[in-house]
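The structure appears below as structure tokens.
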Amino acid sequence: MISHHLWRALGESPAIIGRPLTLNGSPATVVGVMPANFAFPSPETDAWVPLSLSAANRANRDGRWLRVIGRLRSNTALRAAQQSMDIVAHRLASEYPKTNAGWTMALIPLQEELVGSTRPILLTLQGGTLLLLLITCANLTNLLMAKAATRTREIGLRAALGASRARILRQLIVETSVLATLGGGLGFLLAIEGVALVRSLGDGLIPRAAEIHIDAGVTLFALAVTLVTALIFGLAPALEASRADLRSSAVRGAGSLAIERKRSLLIMIEVGLASVLLVGSGLLGESLLHLLATPPGVRIDHALTVRLTLARSQYPTNEKQNLFLARLLDDVRALPGVTASGEVSETPLKGNNPTFQFALERPTDAPVQAGARAISPGYLAAAGIPLKEGRDITAHDQPATSPVAIINETMARRYWPGSDALGKRLRFKEDDRWLTVAGIVRDTRHMGLDADEGPVVYFPYAQKTQAWLAWTTLLIRTSAEPMDLVPAIRAAIRAIDRNQPIAEIGTLEESLTRSTAIPRFTTSVIGAASGFALLIAVIGVYGLLAYAVAQRLPELGIRVALGASPAQVSWLLMRQAMLRVLVGIAVGMLAAWWLARLLEKLLFGVRPHDPMTFAAVAALLILTSLAAVLGPARRAMRIDPMTALRAE
């Protein structure tokens, strides 16, 4: 079976069925093409072949590299199925204690397996979006209440002419619903382009990102949210306005104090929600800075990676594989612009770290788990991994010489604490050969900047006994732009074997960028939402004070006429506005302190309750709020008492 992507690459011919292909050097026949949206187990998969196990593989009970997928009966619960698998695991442990003792079987829903790792990220983004929606609704409610205050005469006149309160309330809710519908419709149109942007940004980061689309369910949800928010947040202004009557509306400013109190409460809610969002954004941003500042342990600049997998049919033995790789490495080193090169079985920063069981040369020790990487002479120098003790792998390390290994600092510290690990011996659990530790190297961030690689054993490609280990990554350090050497690398490979495909070509800089793509994506989205939240909150604070100045003109004029200085009047207004801001910040900080622990899994090098982040957010809100109230406060300083009194 081939993927839709491979079918298009082969010409998109309907006659592809029955066509012969060569996969990994073995003949195969195309029997089907998968749909375009099928990407399992990963988007990089282009072909599916029947599982074929040798007698040795079937007899090897230590081989745990296969994954099983099954479908439960419709009337079987996951818990019941797990209990059945526990019984099977217990029976196998009793029958085969040497290989199955201590091993269990875990049933994991496929949905959980595919998207489980991204659930905290998606929930964080959804929470940020919800907070932004609430802030926007609070701000609009504030504006509607201010608008309602200006319509008291109109509403009072309608009531005097016989309109019931229910009819007035219905009219105001309809007006609010129309406004919300227009806003929701505009947002829906923007969402169409936004979804395309998310698909492009999330491709390769978010599982099944290509399937994100707006369907009928999403449309109905958006419509429901629009109507519900219109009813909930438009009800308060409508109720306030519907209470007006002709007598109360005949006096300018009637009821303005109650409205101002309610608007002040909404401002505090806005600022509090903005505080929560800004704290989350600040923590994620600080975490990203820590992540990007983490040394990867390898040199990133001017490093080209070329991934190859040798066909087992053409290179069935270690000897043939080693001859191909050694010749290729010599030819690559002779190319102009190549300053160093080497080979490693797993590409750095790609998140792949196969682990194996190793036996230590101490009878009392149980087998230990460690990553295993086959390397060639020159790899450590090409990757920029410093040797701390001992020696590097050399061309002298051949099948006929004494097997050696290099371990990282974590392995030396964990399994030989307080002693010199050089000269100690270890072996693969299934191999009788003992490897002597010849050197110790510094740890790297092989799995990505946010993960420790754990114990690692490097061993020479030339001394490997695993014929199935037929893949490699060439790490080539260049003096010029790395991608400029790609044509020469391809030519060098074809000169040895014209049918040898190249699985992947890239640079270590690209690998590093991909390894940090998810935290950068999350921080960018939350940062954008926080920026909008801050803007909306500042507009709300500005509107509150501007409304207060407009409504309190007579009072302020009297204060000035009685001897209050313009500065005192301005300070009075600013103090009242900033008091509400400070209360909102305090409440928001308490909520953020409680909610920050939910971000703990997404943070790197930052505590969820980092005091500097909380202090910075509080300072930012105070400064921006001060900037927002300066304009209305300056207008209050220029009040002419006579003009203010005439307005009454």
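The values are calculated or read from the model by the stated rules, or taken from the named source; none is laboratory data. Worth saying up front: this structure is predicted, and the values here are computed from it rather than measured. Counting neighbours? That spans all protein chains shown, and the Cβs are built from the backbone with ideal geometry, glycine included. The area values use the complete protein model at the heavy-atom level, side chains included, leaving out ligands, DNA and RNA. Shrake-Rupley method; radii C 1.70, N 1.55, O 1.52, S 1.80 Å.
Figures for the structure shown
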item	result
Chymotrypsin sites (Phe, Trp or Tyr not before Pro) restricted to region 41-104 and DSSP loop, no more than 12 other C-beta within 10 Å	65, 103
Relative contact order of region 277-381, defined on C-alpha pairs under 8 angstrom at six or more residues apart (%)	20
Test item: Cα-centred dipole of region 376-513, Lys/Arg +1 and Asp/Glu -1 on Cβ, debye	460
Residue-normalised accessible area of region 466-522, given per residue in Å² at a 1.4 Å probe	46
Solvent-accessible area per residue for region 361-448 (1.4 angstrom probe, square angstrom)	46
Cα centroid of region 422-466 to Cα centroid of region 261-287, whole Å	50
Probe 1.4 Å, protein heavy atoms only - accessible area per residue of region 100-154 in square angstrom	56
Equivalent ellipsoid semi-axes - Cα gyration tensor, region 298-364, angstrom	27, 20, 13
Inter-site label distance for residue 494 and residue 99 at 7 Å from Cα along Cβ, in nm	4.5
Label-point separation, residue 58 to residue 231 (7 Å along Cα→Cβ), nm	6.5
Separation between Cα centres of region 469-523 and region 564-597, rounded to whole Å	55
Which of 593, 7, 416 is most accessible, then next, and so on - probe 1.4 Å	593, 7, 416
Rg/Rg_globular for the chain, with Rg_globular taken as 2.2 N^0.38 Å and Rg from C-alpha atoms	1.33
Accessible area of residue 96 in the full protein assembly, 1.4 Å probe (Å², nearest 10)	90
Which of 549, 178 is most accessible, then next, and so on - probe 1.4 Å	178, 549
Percent RCO, i.e. relative contact order, over the chain, from Cα pairs under 8 Å lying at least 6 residues apart	18
Axial C-alpha extent at least 18 Å, average Kyte-Doolittle at least -1.0 - helices from the chain (DSSP)	78-95, 119-149, 165-202, 216-242, 256-292, 318-333, 517-551, 566-595, 611-637
Ranked order, 346, 430, 481 - accessible area, probe 1.4 Å, largest first	430, 481, 346
Farthest positive-ward along the chain dipole, Cα basis, beta-carbon charges - from 380, 342, 354	354
Separation of alpha-carbon centers, region 371-391 and region 321-346, rounded to whole Å	15
With all protein chains modelled, accessible area of residue 479 [1.4 Å, Å²]	80
Reachable lysines from residue 601, criterion Cα separation under 26 angstrom, eight or more residues apart if same chain	350
Carbon/sulfur fraction of accessible area - the chain, other protein chains in place, 1.4 Å, %	62
